[in-house]
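Below is one structure, written out as structure tokens, with a few remarks after it.
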Amino acid sequence: KASKRRKSIAISEQEGPEHLLRKLIGTYLAGYSLIEIHSKERMNPDIRKAAREFTRMVMGPEIIEETRNSVVLQDISDPAELPQDKCLRRMYLVVRGMHDDAVLALRDNDIKLADDVVSRDTEIDKLYWMIAKQYNLLLTDTKLCERLGSDASKSLNLKLAAKILERIGDHAAKISVEVK
């Protein structure tokens, strides 16, 4: 299992939801498994919304506790359950389908198919973030390297391939947007 590394994020009234989202992504990629977001005053609803949005855009973190001035996220994913090579294979299959469907949607002016392609881009992004997170974890955790049968070099290559697939998915989504 992933270690129980904790990260506390203090939010001030001057910081907006975009700022929190950036902090959450950095914390996720760094491999923290428990993230506590807190403010001195009642938490702004936009900040809470950003925390929920974050849980939808990545794999693993879920909101486990909420009070008037805090939100606690816990990463429930285990890298061994969905290692990088499986993530990459899944990305490839989804992106290949997205690309084929984007071309069909454009050719046939099929708006429903185009919308479906655009919605699949979210899954590709989630898989990419998971691969990037695992790369960062493998750099710092030799026991995880042994457990997954991987190393930093292999992990970097998988991360680079994943970034290319993520971009292809973005392009398929852009093609599909043109159908509308």
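Structure notes:
- Qualifying positions in segment 129-180 - among the small types (Gly, Ala, Ser) and without any contact (Cβ under 8 Å) to a residue 40 or more places away in the chain: 149, 152, 153
- Taken together, 180, 126, 159, 143 contain a single residue that is open to solvent by 30 Å² or more (accessible area, probe 1.4 Å), more than 17 Å from residue 29 (Cα to Cα) and assigned to a helix (DSSP H, G or I), which is 143.
- Number of the exception - residue 55 against (1) over 20 Å from the mean Cα position of the chain (by Cα); (2) part of a helix (DSSP H, G or I): (1)
The values are calculated or read from the model by the stated rules, or taken from the named source; none is laboratory data. Every value quoted in this text rests on a predicted model; they were computed, and no experiment measured them. Don't worry about glycine lacking a Cβ; one is built from the backbone with ideal geometry, like all the others, and counts go over all protein chains shown. Just the protein is used for accessible areas: all its heavy atoms, side chains included, with ligands, DNA and RNA removed. Shrake-Rupley method; radii C 1.70, N 1.55, O 1.52, S 1.80 Å.
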